[in-house]
Amino acid sequence: MKQSILFIPTLRDDPKEAEINSHKLMLRAGYIKQVAAGIYSYLPLALRSLRKVEKIIRKELDTIGCAELLMPALQPSELWLESGRWNQYGDTLMRMKDRHDRDFALGPTHEEIITYIVRDVLNSYKKLPISLYQIQTKFRDELRPRFGLMRGREFIMKDAYSFHSNELSLNEAYEDFRQIYSNIFTKCGLKFRAVEADSGNIGGSESCEFMALTDIGEDTIVYSDTSDFASNIEVHNLKEGEPSPDGIGTILHAKGIEVGHVFKLGTKYSNAMKAQFTNEDGNREDILMGCYGLGVSRVLMAVIEQNNDVSGIIWPKSIAPFDIHIILINPKDKDQLSLSNHLEQALSKLDLDVLVDDRNERPGVKFIESDLIGIPLRITIGKNINNGFVEVKFRHQKEKQEVKIEGIINYIKQNY
Ligand code: ATP
Ligand code: MG
């Protein structure tokens, strides 16, 4: 992909509206553009990274037999009246009327819709368990939209729902989701902690929150310095330095922002909305449910919040918009251009995504913007090709290296 035809509107200065590093960087590096408070466009670079996060998510969900569907964002009030949430949800629910004066909401989450979809179908224990997910735009009229994609009013969520005839089956699904959530966040390069949580608004019994560790987080996590014990301070009000309740280690505090949440909903929605199945004895029972949310757009920003320096973003390879950034110092030089084209093709064959800075900009500008955008590996093609060398630099390292042109593909195979 040539940079001259990719839309990357970089900014020279920090935008005033941004308070945190990741937000500043995403705006400055041309990843996102604010349209209204808490409402953003994902520009080409951001969309590429977002697609990579989604790919990781889909692959993991496949492994536990969770199937993808897509539900409408626009939801009729009738279903929300059935669950009782039309009146409970308050001002966070984006409400609207159609031309016939009927009430609708833009979905902040989809328990009502999914329960409506399955309730007449999953009518026997023989048809359970089932689990379904979607990756979709959600709407919440947040009181204080802020920190860019971290707390938007329109954002992208992966939401999954599971349906069961017994506790054992629900527990299995819950454990599966806990495990793949860890896999997903690890693959995205996120530093996180799984913590025991308060089930809050959605209601139900057991729940676990996945917190990205960052100082800008609004939640306080209390955790053991030695064991896996971790909890939201709302659940266990423990002070730093106290012994951990599991008897292993000492309590520390950290700030975090929720990137995922797994719940055992139980029969809250199936009971309210009459989603029942016939059990082995021929009796009717409410379906047991689990629900599993993951903030796709929030993950993207949390990764940046954890991975940057004064010059810009430092992407982990797994979700970088491109793997390799070729800086073509003089696009008008035939030799430089043909080497660049050759490398772009050869690297693409290795399944690496390559961005070529072919713009007629000063080298200084190209390097500054390259650091800002944060692609993991940079190859500079300049005058030194006459001596048979290109320059290679990893974004997360200080040192540059001269590498022989004949050996560059092998170098990348071995080092990338
Ligand atoms: P929070 O406590 O941060 O408000 P929540 O508990 O309301 O989040 P859930 O209803 O559990 O969120 O939604 C599932 C996931 O969606 C969350 O784990 C989070 O990653 C993401 N999410 C929730 N609200 C927003 C938002 N306003 N902007 C971006 N992502 C969000
Ligand atoms: Mg939550």
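What do you reckon, is GLY84 modelled with pLDDT of 95 or more and at positive phi?
yes
Which of the following residues is more than 9 Å from ligand 1 (Cβ to nearest atom), open to solvent by less than 60 Å² (accessible area, probe 1.4 Å) and in a helix (DSSP H, G or I): LEU132, LEU170, LEU122? Don't jump to the end; show me each part of the working.
Numbers: LEU132 fails: in a helix (DSSP H, G or I); LEU122 fails: in a helix (DSSP H, G or I).
Being more than 9 Å from ligand 1 (Cβ to nearest atom), open to solvent by less than 60 Å² (accessible area, probe 1.4 Å) and in a helix (DSSP H, G or I) holds for just one of LEU132, LEU170, LEU122, which is LEU170.
Of the residues PHE155, PHE139, which single one is within 12 Å of ligand 1 (Cβ to nearest atom), within 24 Å of LEU50 (Cβ to Cβ), of a type outside the set (Ser, Thr, Tyr) and more than 13 Å from the chain's Cα centre (by Cα)? Before you say what the answer is, go through the steps one by one.
Numbers: PHE155 fails: more than 13 Å from the chain's Cα centre (by Cα).
Only one candidate qualifies: PHE139.
I'm trying to understand the selection: among the residues of the stretch 243-260, which are of a type outside the set (A, V, I, L, M, F, W, C), over 20 Å from THR186 (Cα atoms) and open to solvent by 60 Å² or more (accessible area, probe 1.4 Å)?
PRO243, PRO245, ASP246, GLY247, HIS253, listed by residue number.
Just to be sure I understand, how many residues within the stretch 296-332 are in contact with an Asp or Glu (Cβ under 7 Å, 6 or more places away or on another chain) and within 16 Å of ligand 2 (Cβ to nearest atom)?
Residues flagged as in contact with an Asp or Glu (Cβ under 7 Å, 6 or more places away or on another chain) and within 16 Å of ligand 2 (Cβ to nearest atom) within the stretch 296-332 amount to 1.
Does any residue of the stretch 361-374 turn out to be open to solvent by 60 Å² or more (accessible area, probe 1.4 Å), farther than 24 Å from LEU45 by Cα and not aliphatic (A, V, I, L, M)?
So far as the stretch 361-374 goes, no, none of its residues is open to solvent by 60 Å² or more (accessible area, probe 1.4 Å), farther than 24 Å from LEU45 by Cα and not aliphatic (A, V, I, L, M).
Does the stretch 232-250 contain at least one residue that is small (Gly, Ala, Ser) and within 16 Å of ligand 2 (Cβ to nearest atom)?
no
So ALA272 fits all but one of (1) touching a residue at least 60 places away in the same chain (Cβ under 8 Å); (2) open to solvent by less than 10 Å² (accessible area, probe 1.4 Å); what number is the exception?
Tallying (1) touching a residue at least 60 places away in the same chain (Cβ under 8 Å); (2) open to solvent by less than 10 Å² (accessible area, probe 1.4 Å), ALA272 fails exactly one: (2).
Can you find even one residue in the stretch 339-351 that is in contact (Cβ under 8 Å) with a residue 12 or more places away in the chain, in contact with a Pro (Cβ under 8 Å, 6 or more places away or on another chain) and either among the basic types (Lys, Arg) or open to solvent by 10 Å² or more (accessible area, probe 1.4 Å) (or both)?
no
Condition first: within 16 Å of ligand 2 (Cβ to nearest atom), surrounded by fewer than 22 Cβ atoms within 10 Å (Cβ to Cβ) and not in a loop (DSSP other than H, G, I, E, B). Now tell me which residues in the stretch 140-152 satisfy that.
If the condition is that a residue be within 16 Å of ligand 2 (Cβ to nearest atom), surrounded by fewer than 22 Cβ atoms within 10 Å (Cβ to Cβ) and not in a loop (DSSP other than H, G, I, E, B), then ARG151 is the only one that fits.
The values are calculated or read from the model by the stated rules, or taken from the named source; none is laboratory data. Predicted model only: the values in this text are computed from it and were never measured. Ideal geometry is used to build each Cβ from the backbone, glycine not excepted, and the neighbour counts take in all protein chains shown. Quick note on the areas: whole protein, heavy atoms, side chains included, nothing else; ligands and nucleic acids left out. Shrake-Rupley method; radii C 1.70, N 1.55, O 1.52, S 1.80 Å.
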